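Visitor: My structure is below; once you've seen it, I'll send some questions.
The values are calculated or read from the model by the stated rules, or taken from the named source; none is laboratory data. Just so it is clear, the structure is predicted and the values come from calculations on it, not from any experiment. Cβ coordinates were reconstructed from backbone atoms using ideal geometry, including for glycine residues, and neighbour counts include every protein chain displayed. Ligands, DNA and RNA are excluded from the accessible area calculation, which covers all protein heavy atoms including side chains. Shrake-Rupley method; radii C 1.70, N 1.55, O 1.52, S 1.80 Å.
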Amino acid sequence: MGRIEHDAIDVEGLGASAGALRDRLVALRLPLATPAAAEARRRTTEVRRQLEDYVLPRLRDLDAPVLAVVGGSTGAGKSTLVNSVVGAEVTAPGVLRPTTRAPVLVHHPDAARWFEDDRVLGSLARVRGGTAEGPDQLQLVAVDALPPELALLDAPDIDSVVAANRDLATHLLDAADLWVFVTTAARYADAVPWGFLRSAASRGVGIGLVLDRVPPGAAGEIRPHLASMLAEHGLGDAPVFVVDEGELEHGRLPEAAVADLRRWLHGLVDDHEARAVLVRQSLTGALGSVVGTTEELAGAVGEQGALADALATAATAAFDDAARQVARDVRDGTVMRGEVLARWQDLVGTGELLRELQSRIGRVRDRIAAGITGRPRHVDRFQGAVEHGVETLLRDHAVEACEEVARRWRATPAGAALLDAEPALAAPSPELAERSARLVRDWQGALLDLLRQEGSGKRTTAKLLSYGVNGAALVLMVGVFAQTGGITGAEAAIAGGSTAVGTTLLEALLGDQAVRRLTERARADLDQRTSALLADEATRFVDAVDRHRPDPDAEADLRRLAAELRRGLGR
Ligand SMILES: Nc1nc2c(ncn2[C@@H]2O[C@H](COP(=O)(O)OP(=O)(O)OP(=O)(O)O)[C@@H](O)[C@H]2O)c(=O)[nH]1
Ligand SMILES: [Mg+2]
């Protein structure tokens, strides 16, 4: 065998890029269940297989024999044809369908080394002598009748009732330099073969069509129709070989029936230049389709990224909304109703607020007293009610936000699948109650600090401290949950009239301006804390999206590798 010149393409560069692309495709994930993803995943496997089965082995060994795969419908006569072309019984034809389950690769004895290792169709175990039985085996047969530069592969049927047969047929055709596609007078217009032929055309693989088992005299009628179908599918240049149905001799077709096909096959490889052209065409054709598909896959990855962004945005928007609603409810007195109001009235009505406002030692002593008597003070119960009120508010809005995210996500199949995959997202986080209670306590702590700061360095300090910051803090809290900045008539009504007692005192101490300002600051602080907590709830959704997001570099990697291959092909 003489060496083939392949100056027209940068074999080494292409090999490196194709290898890198293969590795990238192995790692490629399209985790979102978009309608396009299933197809994209299928195509990913297809391109990867195309690279592994054909492009990479061919780039490594441009001088390996041309592999012609004989494929087509069941019972079309493929095995009979292979036996007839090589003039020996190398593969078993049969009456039962499908007959050929394990593929049979026929080669010249001198070409054995090209097929014995896993260079091509590496996933199939080699069997020599005996009979291969399963779709994961490849039967190797050496015959002198074939030129060393040509190997023939008898494939199972493409339209088999056996799924493994169909997959294997596709796999084998992917590995081919050349397709010998066999159909019959009865079946040439079927849909399945044309699906395969369309992919052959897009892959640019060399192809010869055999119209087999043609009733004598029927060819004249079929040929023009077949030719127009081929032209329609971009295969107008493919030669057509008509084989008349006739008597078989020892299970083989008469010599005259296969002479043309054999001559064509041998002609393709006899001449080094012709072989180089065939190999290069199939190779660049395959690489061209690999590039096209890779660019489409990059697009699909990009769409998944954009969809993931949209899902994450829907989640953060729902929780931002929830935070705004919480802020609104805090202002319009929602918290100050029911239990909280009742406890506040207790606090005021029993005179405990006044005592609290006037007690400089404040809570510590009272807590000890409460501990001894076991009777919770009104101030504690009020505080508990506020904690519970804020917690309820946060939970209600968090539940609503979860439902809103679910509603938006369910609008897309990918979002729906994501929710099904992450059932914990149906409800707010289990820690929400505990975190809300802590939020209220932390906020109250900050409120006390605020009051202490307000008092420090001023003449009011001593007075404020003498009245007790705890009491002042309680009055401020009520102010925060009422409608406007300061505690004035409107809020006093909400709070049951008796708020005025504390307010008057507080305003007398700090001035109404300061009370208004402090209330605003305390409210802003509460808003900030509730927003942060709800933002954390949103993060659970964003994290779930991130777990189902394609690798952020994937799209750019695919585009870069496709561009490299384009350059290597000189396109
Ligand atoms: N008389 C006659 N019989 C043929 C001809 N070609 C094939 N047959 C018979 O048709 C049957 C099917 O042929 P095969 O060669 O096994 O067909 P195949 O395409 O390999 O079938 P699968 O392996 O099942 O896909 C066998 O019994 C053959 O002997 C022909 O030209 N004339
Ligand atoms: Mg067969």
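Visitor: On the accessible surface of the chain, probed at 1.4 Å, how many percent belong to carbon and sulfur atoms?
Guide: On the way: 12900 of 24560 Å².
So the carbon and sulfur contribution to the accessible surface is 53 percent.
Visitor: For the stretch 108-117, what does the Karplus curve 6.51 cos²θ - 1.76 cosθ + 1.60, with θ = phi - 60°, yield as ³J(HN,Hα) per residue in whole Hz, taken in order and with x for Gly and Pro?
Guide: Computed from phi, the couplings for the stretch 108-117 are 6, x, 5, 9, 3, 4, 6, 10, 6, 8 Hz.
Visitor: Here is a further query. What is the Å³ per residue value for the convex hull set by the Cα atoms of the chain?
Guide: 223
Visitor: Roughly what % antiparallel, to the nearest 5, for the DSSP beta bridges in the chain?
Guide: 10
Visitor: Given labels modelled 7 Å from the Cα in the Cβ direction, how far is it in nm from residue 161 to residue 29?
Guide: 4.1
Visitor: Going by Cα centres, the stretch 213-274 and the stretch 383-462 are how many Å apart?
Guide: What the calculation gives is 77 Å, centre to centre.
Visitor: Sticking with this one: By how many nm would the segment from residue 438 to residue 198 lengthen if fully extended, with 0.36 nm per residue of separation less the alpha-carbon distance?
Guide: Gain in length upon complete extension: 79.8 nm.
Visitor: Sticking with this one: Could you tell me the calculated FRET efficiency between residue 407 and residue 332, based on Cβ-Cβ distance and R0 = 25 angstrom, to the nearest 0.05?
Guide: My answer for the efficiency is 0.45.
Visitor: So, one more: Given a 1.4 angstrom probe, what's the average accessible area per residue across the chain, in square angstrom?
Guide: Details: 24560 Å² over 571 residues.
Solvent-accessible surface per residue comes out at 43 Å².
Visitor: Under the 0.36 nm per residue contour assumption, what length would be gained going from the current alpha-carbon distance of residue 396 and residue 248 to full extension? Kindly include the intermediate steps, with their values, before the conclusion.
Guide: Details: separation 148, 0.36 × 148 = 53.28 nm, distance 8.24 nm.
Gain in length upon complete extension: 45.0 nm.
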